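Structure, as structure tokens:
The values are calculated or read from the model by the stated rules, or taken from the named source; none is laboratory data. The structure presented is a predicted model; accordingly, all values stated were derived computationally and were not measured. In this analysis, Cβ positions are derived from the backbone assuming ideal geometry, glycine residues included, and neighbour counts consider all displayed protein chains.
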Amino acid sequence: MQFNARHLRRSLFWRITSLFLICGTLLGLKVEAKPTSVSKRIEAVQKALKGSPSSTNEPYLSRIQWGNWGNWANWNNWNNWANWNNWNNWGNWLNL
Amino acid sequence: MILPLARLANSFVSEKYRGPVASYLELLILQPTPFCNINCDYCYLSNRSVRQTMSLETIRESVRMVLNAGLVGERLSVVWHAGEPLVLSVDYYQEAFAAIEEVVDGKCEISHSFQSNGILIDDDWCAFIRKHSARIGLSIDGPAFLHDLHRKTRTGKPTHAKVMRSVEKLKQHSIPFHAIAVITADALDHADAVFNFFQNLGIAEVGFNIEELEGVHDSSSMSAEVNTDRIRKFWQRLYNLHEASLPSFQIREFRKAAAAVLFSQARLSWQEIAMQNDQVLPFRIISVDYQGHVSTFSPELMGVHDTAYNDFKLGKVGEDDLYAIRESKPFRKMANAVMDGVRKCSRTCEYFSVCGGGGPSNKYFENGSFNSTVTMYCRNSIQLPMQVVLTGFENKLRIIDSADIE
């Protein structure tokens, strides 16, 4: 009887611990957005650009680097691709 | 037994907004007056005949609110818009700018921007703009035969010639400016004329807003499905002309699409992708109307009546700080709906990795709910330019399997 109670407690302890470990691992893992046909095509372009000579990249980059308005220096940080220039954002939503 | 308890628990939990909020402010939109001196037939502003102005105290309180919330870093970007800002005098802005500087007290750099219909720009305005290094954008729809179809005075007269006089003034004073053009169905077959006009205008960039359904503008010449192919051809023609001529100006939609192709990362969580979209992240953009009411997400929601969201008035400067606004019921309801809509986009839209969840105001006006997905704006202004630019990259890089994007 005593053995059974101890066994039960141990068993419960490990079950709960395992559950926490599994849940924690799952929560800790980043759930990436599903690849789409567009994102796959973009990845292919990015891959091709990476392997191509800089002369192939330059026309694209120079198009994006135009700097009359300043404050575009962050263009190479992808996090800023949508908002590296304040006035662009302002123009992005404007509907006049 | 369990189900009712779960529902009860959920009713408490669902009241809270558990999504992300901005850690910095991108834009503070101030509506100095809702009044506009012209009457474009596609305008979304409902109160553009109201002549009231934002008080200096409201301006001060607006800036205090964002500073106290810790949302301002090295720069505070103020945009004067949502009406025609230049109907107010240069003196008004002298005082307004001074009031903002006084509140900021050197803690950060301040940049001012105006979006104007360009009718009233004169030498005094040019001197003021130069003195303060303010940015200015003009609303021009292209050549006169297109512009004057929709952008008319309150007595129905054309405005193109007046805008072009302002363009000359800006050039005389060496003030750089950009343009925003609304593209209606009338312009779709005139891509060459539109492109040539902006190429000759001497601007840094033009953004093309494909006519949308927003605010009081509840019907669009672009609504009919039949136009999609015409819109695609319009973008394609602009792209071909732009590529062929290597002009000095940028086309906003192509630049954005190209930047997304080069730098976007699909292998992120949907939340991380959504955080790139300024319109869906609470307090990344804060709008304050002329009476001091505060709103966030899409600025077009300012002035819209909807009792379910308290007319999108989430609080008032001088009375509520952003912490109180964040806890307010209209904000929580709105923010949850916006974020639910973004999540739906992440599950259903092919373009999510380059968009981040669309425009909340477009979803609201077109689909009747923030908690929804694709809109006309998505199709016409994000997806079609992306298709054109991405295919352009693929053709140049000779990536063979460039199947059509649907």
Can you tell me which of (1) free of Cβ contacts under 8 Å to residues at least 24 places away in the same chain; (2) part of a helix (DSSP H, G or I); (3) more than 25 Å from residue B:77 (Cβ to Cβ) is the one residue B:194 doesn't meet?
(1)
Being touching a helix residue (DSSP H, G or I) at 6+ places or on another chain (Cβ under 6 Å) and either of a type in the set (Ser, Thr, Tyr) or more than 8 Å from chain A (Cβ to nearest Cβ) (or both) is the filter here; which residues of region B:338-357 pass it?
B:338, B:341, B:342, B:345, B:346, B:351, B:353, B:355, B:357
Scan the helices (runs of 4 or more DSSP H) fully inside region B:253-360 and keep the ones with 3 or more residues being farther than 21 Å from residue B:208 by Cα and at pLDDT 90 or above.
B:322-327, B:329-348
Taking region A:13-49 and keeping residues under 30 Å from residue B:396 (Cβ atoms) and at pLDDT below 80 leaves A:32, A:33, A:34, A:49
How many residues does region B:264-303 hold that are within 14 Å of chain A (Cβ to nearest Cβ) and surrounded by fewer than 20 Cβ atoms within 10 Å (Cβ to Cβ)?
7
Of all residues in region B:62-91, which are surrounded by fewer than 19 Cβ atoms within 10 Å (Cβ to Cβ), farther than 18 Å from residue B:118 by Cβ and away from every other protein chain (no Cβ under 14 Å)?
B:64, B:67, B:68, B:69, B:70, B:91
Test residue B:219 against the criterion of being over 20 Å from the mean Cα position of the chain (by Cα) and either over 30 Å from residue B:369 (Cα atoms) or modelled with pLDDT under 90 (or both), and give yes or no.
no
So which helices (runs of 4 or more DSSP H) are wholly in region B:40-147 and hold at least 3 residues that are under 30 Å from residue B:200 (Cβ atoms)?
B:123-131
